[in-house]
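Only one structure is covered here, and it is reproduced in the block below.
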Amino acid sequence: MTMNKLNYERPIINKIENTMPNKIGGRSGFKPITEIDGVRIKGMISNFGSPLFVISEATIRKTYQSAYRAFTTRYPKVQFAWSYKTNYLNAVCNTFHQEGSWAEVVSGFEYEKAINNGVDGRHIIFNGPDKTKADLQKAIANQSLIHIDHLDEYYMILNIAEETNLRPQVAIRVNMDTGIYPMWDRFGFNYENGQAWDVLNKIMMNKKMDLIGLHAHIGTYMMEAEPYKIAASKLSELAVSINKKYNHYIKYIDLGGGFASNNTLKGAYLPAEDTNPTIDDYAEAISSALLNSNIDPDHLPLLILETGRALIDDAGSLLGTVITNKRDSKGARNTVLDIGVNILFTSFWYNHKITPVQSFSHHIEDTKIYGPLCMNIDVIRESISLPPLNTGDNVIIHRVGAYNMTQWMQFITLRPAVVMISEKGDVNIIRESEKIEAITDYEKVPSHLKDFDL
């Protein structure tokens, strides 16, 4: 028997350094990040300043399409609605709208933003407890989907319906026990004690508005998929009960948002990618609950998802610059960046990954990362292993797309610019950096306080 001679392959030896200690600790196992979507980071800092938020349009679209596919391969009728409160920069919202996402808003301000972005009123979901009469009148006239949060809102909608002879398109928000504590029972009507069933009967009996949906948002950064299965099952039971009593079919069931992203929570023992459910896990839990329910299969409701954080976090980066390095009273290394908690609100929640932009020594040291604000709580990371960073060096903070550009505040420093990298690699400003006039133009000084002599 003849045997083919194996081709010779030259052996390659890779030097392993991450377990080789030195006098101040171990060695790093990561490399500098010099580009985002093929665009050089230092070039963007040079052109647009530091700090600088960067949004990747390609990442938004890829993440959205993957999530949409996870649900549509399991359930036949799916509609995403972009959560404006997560990031309501118009360019971000319109990227999701181009992908087919409706708008989900929780205030009159966000409702106006969605309308001004060109979203049809029928494709706006209006959530939240603070809807004014003017907000509701506009939403009813536009045939928007109004999710009733409390009885006072219900009576206000009923009054508008009687005044205008219009038929509001409504759902109710339902809170429930899904095994997650503390339970989110501040919003909506409770399932277990009968509040939800009571208001559903009120809506059906008065015949002044169209009950078209049921909604639940059971929590935020949910690290288990099973509670969504419980929520979907309980909403399905309500839908079946409504049909049995009134011969009325619910058009949609909205499971809200709250899916965890790939950021690691503070205090977590393991990184998020090892512990958090995937979009497929959430999709499997929700879809199986709806399909296995007693809902009439010929009248399956549309499944609406209001996912925000999990769809945008990975697309956002924050670029910054080292101001200085110091040693504290115990000799520990402190590095001060030009990024403060006023623009990185999520640093209170997450252990954000931070990577140097330029090449660096492979010797690392536990470092505390501070921002530039004159307040002791301005801490970006309590402890992170990083190589020595010099004044003027740049860093990138990863996964900052959710909430930072809506919860940021002007405090001590003005808010920075935000740019978006298009799929073609173009860098476009989507929000200008703040100027002092953005603050002072809204101020009024009484005449007797204008002059002084120091």
*Among the residues of region 134-166, which ones are loosely packed, with under 15 Cβ neighbours inside 10 Å and more than 25 Å from T86 (Cα to Cα)?*
A141, L151, D152, Y155, N159, E162, E163, T164, N165
*Could you check how many residues of region 374-410 are within 13 Å of N87 (Cβ to Cβ), aliphatic (A, V, I, L, M) and either in a strand (DSSP E or B) or in contact with a Leu (Cβ under 8 Å, 6 or more places away or on another chain) (or both)?*
2
*Restricting attention to region 131-163, which residues are among the acidic types (D, E) and free of Cβ contacts under 8 Å to residues at least 24 places away in the same chain?*
D152, E163
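Could you go through region 347-368 and let me know if any residue there is farther than 21 Å from A58 by Cβ, part of a helix (DSSP H, G or I) and not aliphatic (A, V, I, L, M). Give the derivation first.
If we filter region 347-368 for residues that are farther than 21 Å from A58 by Cβ, which is where we start, we get 347-352, 354, 356, 358-368.
Applying the additional criterion that residues be part of a helix (DSSP H, G or I) yields 347-348.
Next, only the ones that are not aliphatic (A, V, I, L, M) stay: 347-348.
Within region 347-368, one or more residues are farther than 21 Å from A58 by Cβ, part of a helix (DSSP H, G or I) and not aliphatic (A, V, I, L, M).
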*asked:* I354 - would you say it is of a type outside the set (D, E, K, R), touching a helix residue (DSSP H, G or I) at 6+ places or on another chain (Cβ under 9 Å) and modelled with pLDDT of 95 or more?
replied: no
*Exactly one of (1) assigned by TED's automatic domain parsing to the domain that holds D280; (2) assigned to a helix (DSSP H, G or I); (3) aliphatic (A, V, I, L, M) is unmet by M44. Its number?*
(1)
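Can we say F96 is farther than 28 Å from L158 by Cβ and either at pLDDT below 95 or buried (at least 18 other Cβ atoms within 10 Å of the Cβ) (or both)?
yes
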*Quickly run through region 210-253 and pick out the residues that are in a helix (DSSP H, G or I), crowded, with 16+ Cβ neighbours inside 10 Å and of a type in the set (G, A, S).*
A231, A232, S233, S236, A239
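Take residues that are surrounded by 16 or more Cβ atoms within 10 Å (Cβ to Cβ) and touching a Ser or Thr at 6+ places or on another chain (Cβ under 7 Å) and tell me which of the helices (runs of 4 or more DSSP H) falling wholly in region 259-335 contain 2 or more.
Details: elements: 272-275, 279-291, 309-312.
By residue number, 279-291, 309-312.
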*Just one of G256, G213, G194, G267 is on the phi > 0 side of the Ramachandran plot and touching a strand residue (DSSP E or B) at 6+ places or on another chain (Cβ under 8 Å); which is it?*
G256
*Conditions: (1) of a type outside the set (V, I, T); (2) at pLDDT 95 or above; (3) under 25 Å from the mean Cα position of the chain (by Cα). P372 meets all but one. Number of the miss?*
(3)
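The values are calculated or read from the model by the stated rules, or taken from the named source; none is laboratory data. Since this is a predicted model, take the numbers as computed values, not measurements. Because the Cβ atoms are built from the backbone with ideal geometry, glycine has one as well, and the counts that use them run over all protein chains shown.
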